[in-house]
1. Can you pull out the trypsin sites (Lys or Arg not before Pro) in region B:385-491 whose DSSP state is coil and whose Cβ has at most 14 other Cβ atoms within 10 Å?
2. Work out which GluC sites (Glu not before Pro) in chain B are exposed loop sites (DSSP not H, G, I, E or B, at most 11 other Cβ within 10 Å) and give the longest gap free of them.
3. Among B:Ile101, B:Ile244, rank each residue by its count of other Cβ atoms within 10 Å, from fewest to most, as a rough exposure measure.
4. Taking chymotrypsin sites (Phe, Trp or Tyr not before Pro) as candidate sites, keep only those in a DSSP loop with at most 14 other Cβ atoms within 10 Å, then name the longest stretch of chain B containing none of them.
5. Would you kindly state how much longer the chain becomes between B:Thr143 and B:Val258 on full extension, computed as 0.36 nm times their sequence separation minus their alpha carbon distance, in nm to one decimal?
6. Using Cβ contacts closer than 10 Å as the measure, can you line up B:Arg126, B:Arg87 from fewest to most?
7. In the P(r) worked out for the protein assembly as shown, what percent of Cα pairs fall beyond 37 Å?
8. From the C-alpha gyration tensor of chain B, pull out the three semi-axes of the equivalent ellipsoid (sqrt of 5λ each), sorted largest to smallest, in whole Å.
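No value in this document is a laboratory result; all are computed from the given coordinates. If you're wondering where the values come from, they're calculated on a predicted model, not measured in any experiment. Cβ coordinates were reconstructed from backbone atoms using ideal geometry, including for glycine residues, and neighbour counts include every protein chain displayed.
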Amino acid sequence: MTSERPVVTPAVVLEVAELARLHVPEDELSRWAGQLSRIVGYIDQLAAIPEQAFGGSPAAPATPVRPDVPRPGDGDRALAANAPRRLHGYGVVPRVVGAGS
Amino acid sequence: MSAVESPRKIEVFPVIGLEVHAQLLTRSKIFCGCPVTVGAPPNSATCPVCLGFPGTLPVLNREAVTLALRLALAAGATLHRESQFARKNYFYPDLPKGYQISQYDRPFSTGGSIAIDTPEGEKAIRLVRIHLEEDAGKLLHDTPYDDVPENVSLVDWNRAGVPLVEIVGEPDLRSAEEAASYLTELRRLVRYTGVCDGDMEKGSLRCDANVSVRTSPTAPLGTRVEIKNVNSIRFVAKAIEHEIERQAQSLARGEAIVQETRLWDEKGGRTVSMRSKEEAHDYRYFPEPDLGLLVLDEKWIAEARGALPELPRRRRERLATAHGLAPQDADTLVSARELADYYERVVAAGVPGRLAANWVTGEALRWMKERRVSTEQALSFSVSPERLAGLLKLVESGEISAASGKDVLVAMLDSSTEAAAIVAEKGLGRMRDTGALEAAVAEIVAGNPSQVALFKSGKTQTFGWFVGQVMKKTGGRADPAAVREALTRALESAGP
């Protein structure tokens, strides 16, 4: 595909980083913009392939459903094995309200 | 169309739209088999799916869809045979996956309406859509524990993945009162249909209000402010009233309204601004790749339709027409499906509709409140509809007076004895002994010579006083007609 590459500007990188609560140092913005532009450009190349190349798009399948039957999920153990910190059975996360940041 | 005058005398016309989340009454979560629990130990009702562990896949709970369909049908909405789930991406610690599975541009239901009563008559509040989604977990900022540092919050993911419907209303509401009516109707509807328990305090029904004002009823819509965090219908009305007033005063001062989210501060009785940072919404919705389309077939829709009960407004009309009830009484009776069922069982047991309505909306409801039996629990009230009917038949036949009936009802509250047995035991039945009635009349007449003199001098209104005295003397058991007859005779023959 030869069309112009989609432009991810440093401003777009900043906006996305803010939404993702990520800090990107000022001097890395243009490098990130360049890399992201290449990634988005690659996806655009995929979109440009005609659908026939995939043998037409199949009808989207209906999502399967399950009966409303509760069963224990053992999440407590999964959390114990994976959560970095727990207190009184709760997960512990940085305070997001009233923390002033 | 209601206008609100601010102290600075700027007339504003509010425009209000509500977004309501209702927790569906399923036993398990929407995309995994974890039980939907109340008050379970933190994180005990979770699994790798609702905790968002890599490699897990959601599987849709059929019952959640059936309940959502039932509500959409009750609201007269258009159902879409194919709809799609979407990822709503945002970062918050109560959202383990980093996205919420919701519906976005292809919800299962659009349109429909909720009818409310206004002083001008019935008004239909249109719905934009009803869609399915999953709930987030619960953050605890102020904890009861001493060993929790101030810079952390605790999180319980038991609620993550609990099924919800979001009911998005058009901005058709024009006052806080209309908003309260809408919420009341909606809550009644979700309860009637068995879709949600409608408990706002526990958060199973949650309401966000979008409020804007304009300076004429036809002006373009003003900048809207969203109010979150309101947990009762009364507070929704108060928060909206406060917000209308706040916006009116801003306009009167020549200030622009800022589009923002405000929280209802219950203690201060006002809305307060959330930080604008929280407003940087860009949810980057995209179709949920882990789920196929939600495809509804006729059988599924028919199943949901088949479970629809008679809806409250229709039932109100039927009861009012069939039994000649006052609109207010009919409205009270249908306020909860179970209370209306209670009433209809009293009637079915052979009590005339109006008598039954008077007693159910009066004494029975008063005692239910006294005993902390909610209208939704009416059918488990200690005086069953059939026992109340037994009592009311005695009242209707004149076997006991209405006043005695109230005493009998009190005696029935804490016993399983039938009304007739209590009447017999307490000797409350109509006085059949004419000799005893004559004696009571004679005693009253003899003991009150001055009243007799008044009556004789032409003050005939004292007759009512005599009737009252005899009724009191006989414990309300005498037949009023017989009392009048005996009194007339006794007073005529009394001296001087």
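1. Numbers: sites: B:Arg387, B:Lys393, B:Lys406, B:Lys426, B:Arg430, B:Arg432, B:Lys456, B:Lys459, B:Lys472, B:Lys473, B:Arg477, B:Arg484, B:Arg489; in loops: B:Arg430, B:Arg432, B:Lys459, B:Arg477.
Passing both the DSSP loop test and the Cβ count: B:Arg432, B:Lys459.
2. Working: sites that count: B:Glu120, B:Glu150, B:Glu201, B:Glu255.
Excluding the exposed sites themselves, the longest stretch runs over B:256-496.
3. Values: B:Ile101 20, B:Ile244 24.
Placing the least packed residue first, the sequence is B:Ile101, B:Ile244.
4. Numbers: sites that count: B:Phe91, B:Tyr145.
Here the longest segment lacking exposed loop sites spans B:146-496.
5. Details: separation 115, 0.36 × 115 = 41.40 nm, distance 3.33 nm.
Between B:Thr143 and B:Val258, full extension yields 38.1 nm more.
6. On the way: B:Arg126 14, B:Arg87 20.
Neighbour counts put them in this order, fewest first: B:Arg126, B:Arg87.
7. Numbers: 94471 of 177906 pairs.
Above the 37 Å cut-off, the protein assembly as shown has 53 percent of its Cα pairs.
8. On the way: eigenvalues 665, 164, 95 Å².
In descending order the semi-axes read 58, 29, 22 Å.
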